[in-house]
Structures are given as structure tokens and as C-alpha cells.
Amino acid sequence: MLPRSELQVTPLSPPLVSDAARLIVEAFRHEAITAYWLNLSGETARRHYTKLVEAKLRLYLLTGQPVLTAMDNGKLVGAAIVKLTRPTPAPGQILKIVLPIVPRLLALAPRVRRQALSALHLAGPAMKPPSDLPKPYQLLEAIAVHPDHQGQGIGSLLLKGVHELAKQHELPTYLMTGDAKNCEIYEHVGYRTVAVKQAPGLTVCHMVRNLPS
């Protein structure tokens with residue numbers, strides 16, 4: 001485990017967006033929900049998907065969504081994406097970010113697009129937040145640690161940063177995961193399971209961490 005003094009959690013800066021996108025895609029290649037709808041075993045698929053993630057990160061920065069990074073002596077080793085309710089940016093700003101990735105979507109083989117859309121259709125109900133989920137909340141979309149740096153406490157440090165954001169905004173934190181091991185990890189840091197939903201070949205666990213009383 002790296003000494004905590006060598007690790008820093010900071011907001012994502014624009015120059016690191018591309019690096020953060022690559023890290024997230026690499027870390028989520030085999031994550032259950034991602035792997036269910038998208039096969040990232042091929043380099044071409046990963047390259048196109050990385051550009052989609054990069055565009056999403058730029059949109060999040062534009063709208064003030066919190067994206068945290070874990071830095072080890074200046075090297076990006078982890079990232080966390082949190083989603084809050086934010087004003088929608090101007091259409092022109094959105095198009096400026098989205099239009100360049102349209103060729104990436106078109107470049108994906110039709111078979112890949114069909115498989116992804118079919119899987120998303122099947123898994124959609126399972127990934128829908130429970131109707132009785134208390135609102136408002138902050139959504140923890142992802143915590144990603146570079147595969148070469150996993151098991152070094154980086155994920156825990158990012159999660160601490162996420163919980164500090166929850167405290168600042170006075171909001172509970174909601175997440176979903178398709179990995180049973182992740183469910184156990186989150187339970188150990190105060191999350192409780194509020195729903196378990198099924199899709200063909202996929203179990204999605206919906207979890208909430210309330211603010212400490």
C-alpha cells in the first residue's frame with residue numbers, strides 16, 4: 001500500500017481528461033455491468049469507447065459535476081465520478097463536445113452496436129433506480145483504479161473524497177453494482193442494499209449510504 005502522504009485526491013483538471021478516460025475504460029473492462037452490454041476485449045472497441053467516456057467527462061466538467069482524481073506523485077492512478085443535479089448547459093456547448101464523437105459511434109461495427117443496444121434493453125429495468133429511493137441524492141457513477149495500482153488503498157481514499165462531497169452537499173450517496181464482491185466492500189463502509197434487480201445473466205445491487213447521524 002502506498003503511503004497516504006504520497007496520494008492526493010483532487011478535482012479532475014481539463015488536461016487530464018484523456019488520461020482519466022483511458023484509466024476508467026481500462027479499469028472497467030471486466031466490470032459486470034459494463035461487460036454485460038459492451039465487449040471491450042478488442043483494442044478498437046476500447047479506443048472508441050474511451051472517446052465516449054472522454055466526451056462525458058468534458059460534459060461533466062462543463063456542468064460542474066464532481067470528478068475526483070487520485071494522484072501519486074503527479075501520476076493519475078484513480079478516478080471517481082459523482083453526479084449531482086446541475087443546470088443543463090447551452091445546446092451549442094453540448095454540440096461542441098458531442099459532435100466530434102459521432103464518427104466514433106458510426107465506426108463501431110453494426111453487430112457491436114446491435115449487441116450493445118440489445119443488452120441495454122434487457123438490463124434497463126434492472127439498472128433503473130428504485131422508485132422509493134429518497135431524493136435528492138448524489139449518484140456515485142464509478143470509482144476506477146488503474147489495474148497496476150489496485151489493492152493499495154486508492155479506492156478507499158477516493159471513496160472518502162466522495163463521502164466528503166456528500167457531507168458538503170448534505171446528501172446520501174446512491175450507487176449500483178453488478179459485482180457481488182463490490183457489494184461486500186460497500187457494505188463495510190456503511191452502504192446498505194435497498195434493492196436487488198435481475199436481468200438475464202446479470203444481478204444489479206442498488207445501495208445507499210446515508211449521512212452519519
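The values are calculated or read from the model by the stated rules, or taken from the named source; none is laboratory data. In this text the structure is predicted, and so the values were computed from the model without any measurement. Using ideal geometry, Cβ is built from the backbone for each residue, glycine included, and neighbour counts are taken over all protein chains shown.
Odds and ends about this structure:
- The listed residue being in a helix (DSSP H, G or I), at pLDDT below 90 and not acidic (Asp, Glu), out of 22, 104, 86: 104
- Flag for residue 176 being modelled with pLDDT under 90 and buried (at least 17 other Cβ atoms within 10 Å of the Cβ): no
- Yes/no for residue 65 being outside any strand (DSSP E or B), under 19 Å from residue 162 (Cα atoms) and in contact with a strand residue (DSSP E or B) (Cβ under 6 Å, 6 or more places away or on another chain): yes
- Tallying residues that are in contact (Cβ under 8 Å) with a residue 60 or more places away in the chain, part of a strand (DSSP E or B) and of a type in the set (D, E, K, R) within the range 158-213 yields 1.
- Residue list for the range 24-60, filter: farther than 20 Å from residue 13 by Cβ, out of contact with any helix residue (DSSP H, G or I) (no Cβ under 8 Å at 6 or more places or on another chain) and not polar (S, T, N, Q): 30, 31, 32, 35, 42, 43, 47
- Extreme residue, modelled with the highest pLDDT, among residues of the range 144-154 that are assigned to a helix (DSSP H, G or I) and in contact with a strand residue (DSSP E or B) (Cβ under 6 Å, 6 or more places away or on another chain): 154
- In the range 132-147, the residues that are under 22 Å from residue 32 (Cα atoms) and either without any contact (Cβ under 8 Å) to a residue 12 or more places away in the chain or of a type in the set (Ser, Thr, Tyr) (or both): none
- Checking each residue in the range 186-202 for being over 25 Å from residue 158 (Cα atoms) and either among the hydroxyl-bearing types (Ser, Thr, Tyr) or out of contact with any strand residue (DSSP E or B) (no Cβ under 9 Å at 6 or more places or on another chain) (or both) picks out 199, 200, 201, 202.
- Options 10, 50: the member that is at pLDDT 85 or above and not in a helix (DSSP H, G or I): 10
- Any hit, the range 128-143, residues being of a type in the set (D, E, K, R), part of a helix (DSSP H, G or I) and over 16 Å from residue 66 (Cα atoms): no
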